[in-house]
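Working notes, structure below.
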Amino acid sequence: MKSSIAIGDCRIVLAVALALGAGAALAQDGNDVSADARMHAERGLQAAADFPGYASLCDLDMTFRNVNLPRTGQAQAREATSGNAASGADAASSADVAATASERAARPSTPPAQVFDNLFFVGSASVSAWLLGTEDGYILIDAMNTNEEARSIIEAGIIELGLDPTEIEYLLITHAHGDHYGGYRYIKDTYDPAIVMSAADWQLASTLGEHPRFGFPPDEDVSVTDGDQLQAGTTTLDIIVTPGHTPGTISPAFTVYDQGQPYRAMLWGGTGFNFGPNYEQMNDYAASANRLGEIAMQQNVQVFLSNHSRRDGSLDRIRELNERGPGDPHPFVQGEELLAVFDVLEQCALAQAARILEGDL
């Protein structure tokens with residue numbers, strides 16, 4: 001496959017090679033896409049040298065699917081036919097209909113990990129869940145795919161780390177997609193935290209209905225807007241609403257500590273372009289990335305996270321953390337190069353917006 005990028009920098013070569021390996025390349029025929037799309041894609045791939053997990057967003061052959069479409073009518077039909085809509089902790093049986101016991105057993109195990117003094121990874125190799133806080137109160141960020149995963153991965157991981165899940169005060173759902181809310185019912189029924197989403201994504205969730213794997217989305221609980229804060233014990237999390245991936249994706253910011261040393265952290269709340277060929281929403285995504293980059297610069301953010309471990313390379317960093325020696329830098333703490341990730345997100349979104357505008361789909 002040919003790339004239209006002019007190669008004059010080894011970092012660009014690395015970014016392009018990694019992008020190609022992930023299926024993210026410029027369109028094979030440069031005449032098939034607009035000059036604007038190619039320009040933004042080239043800029044995005046250049047910025048992706050240190051963030052290869054995001055390079056696929058600049059794939060100019062990408063096909064856009066839309067997972068935000070209403071499912072209410074389908075869900076009602078299934079409920080009327082089956083007569084046994086899932087509720088409570090028993091929802092796991094419905095939400096996991098697509099995952100047999102043997103399939104679950106075959107999934108690779110990802111051990112939980114303490115990443116900072118007050119931040120813990122309790123997710124899997126495909127979708128992340130993060131526990132933020134101390135013994136005086138925790139905020140759980142996302143609930144993974146299903147109630148079974150919430151029980152066997154999130155809860156089990158928290159307990160394995162020697163932490164007390166009864167101290168979870170909030171379950172923050174970054175956006176209204178089932179791979180992040182799917183396990184909410186088990187967490188809610190077992191520990192009764194407040195369920196938090198943005199107002200826009202509560203509205204989206206209300207249209208989704210039952211999903212054959214994820215089950216029903218949560219009913220509206222706590223609604224937050226840009227600039228709000230969650231307080232759990234001595235832990236504060238800032239709500240930053242970043243429309244794009246969904247209308248009300250939340251990209252939270254918070255402070256983490258490494259042996260008492262504070263660092264500002266951000267989590268990009270929704271990554272993929274799986275909302276259809278929507279020009280306005282793609283531009284919203286780009287604007288959100290640009291704004292978050294400015295906030296990151298103002299707040300001297302040095303830790304960038306995702307809710308998908310393959311995007312931010314968190315599992316590799318955890319392995320480096322486990323091998324860290326005295327005096328070694330923390331693998332999750334970055335310098336100014338961190339700001340390049342926001343350029344990747346913005347430029348790739350602008351590239352796709354240009355494709356949509358020109359009809360190059």
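List the extent of the Cα atoms of region 147-195 along each of their three principal axes, largest first, rounded to whole Å.
30, 19, 17
Which residues' amide hydrogens lie under 5 Å from the amide hydrogen of Thr146, considering only partners 5 or more residues apart or on another chain, with H built in the peptide plane?
Gly183
In terms of the Cα gyration tensor, with a ≥ b ≥ c the square roots of its eigenvalues, is region 280-325 rounded because a/c is under 1.5, prolate because a/b exceeds b/c, or oblate?
Because a/c hits 1.5 or more and a/b fails to exceed b/c, region 280-325 counts as oblate.
Stokes-Einstein at 20 °C, 1.002 mPa s, Kirkwood radius from Cα pairs: D for region 149-307 in µm² s⁻¹?
It comes out at roughly 129 µm²/s.
Run the quick spin-label model on Thr190 and Glu336: label points 7 Å from Cα toward the beta carbon, then report their separation in nm to one decimal.
4.6 nm
Beta carbons within 10 angstrom, averaged per residue: use that to sort the peptides 326-334, 160-168, highest first.
Output ranking for 326-334, 160-168: 160-168, 326-334.
Provide the packing ranking of 301-307, 214-220, i.e. peptides ordered by the mean count of other C-beta atoms within 10 Å per residue, highest first.
By packing density, highest mean first, the sequence is 301-307, 214-220.
Between Leu161 and Glu323, 0.36 nm times their residue separation minus their Cα-Cα distance comes to what?
56.5 nm
If R0 is 35 Å, what FRET efficiency do you get for Gln231 and Tyr279 from their C-beta distance, rounded to 0.05?
0.35
How large is ³J(HN,Hα) for each residue in region 143-158, as worked out from phi by the Karplus curve 6.51 cos²θ - 1.76 cosθ + 1.60 (θ = phi - 60°), to whole Hz, x for Gly and Pro?
With coefficients 6.51, -1.76 and 1.60, one gets 10, 6, 7, 9, 4, 4, 5, 4, 6, 8, 10, 5, 4, 4, x, 4 Hz.
Pull out a ≥ b ≥ c, the square roots of the eigenvalues of the alpha-carbon gyration tensor of region 231-361, then state rounded if a/c is under 1.5, prolate if not and a/b is larger than b/c, and oblate in the remaining case.
It comes out prolate by the Cα gyration axes.
Along the charge dipole of region 130-269, which of Gln231, Ile159, His177 sits closest to the positive end, that is, farthest toward it, with unit charges on the beta carbon of Lys, Arg, Asp and Glu (+1, +1, -1, -1)?
Value computed over the given set: His177.
Could you pull out every residue, at least 5 positions away or on a different chain, whose amide H is within less than 5 Å of the one on His330? Hs are placed 1.01 Å off N in the peptide plane, and Pro or chain starts have none.
none
Can you list, bin by bin at 5 Å, the percent of alpha carbon pairs in region 191-243, starting at 0?
The percentages, shortest bin first, are 4, 17, 23, 22, 18, 10, 5, 1.
In whole angstrom, how far apart do the alpha carbon centroids of region 268-337 and region 194-265 sit?
16 Å
What is the calculated FRET efficiency for Asp221 to Asn300, with r their C-beta to C-beta distance and R₀ = 35 Å, to the nearest 0.05?
Here the calculated transfer efficiency is 0.60.
For a test of the definition: using alpha carbon positions, the gyration tensor, and the 1.5 limit on a/c, classify region 119-233 as rounded, prolate or oblate.
Oblate shape, in that a/c is at least 1.5 and b/c is the bigger or equal ratio.
Put a dot 7 Å past each Cα toward the Cβ at Arg213 and Leu69; how far apart are the dots in nm?
Result: 1.7 nm between the two label points.
No value in this document is a laboratory result; all are computed from the given coordinates. Remember, it's a predicted structure, so these values are computed and weren't measured experimentally. Cβ sites come from the backbone with ideal geometry, for glycine too, and all protein chains shown count toward neighbours.
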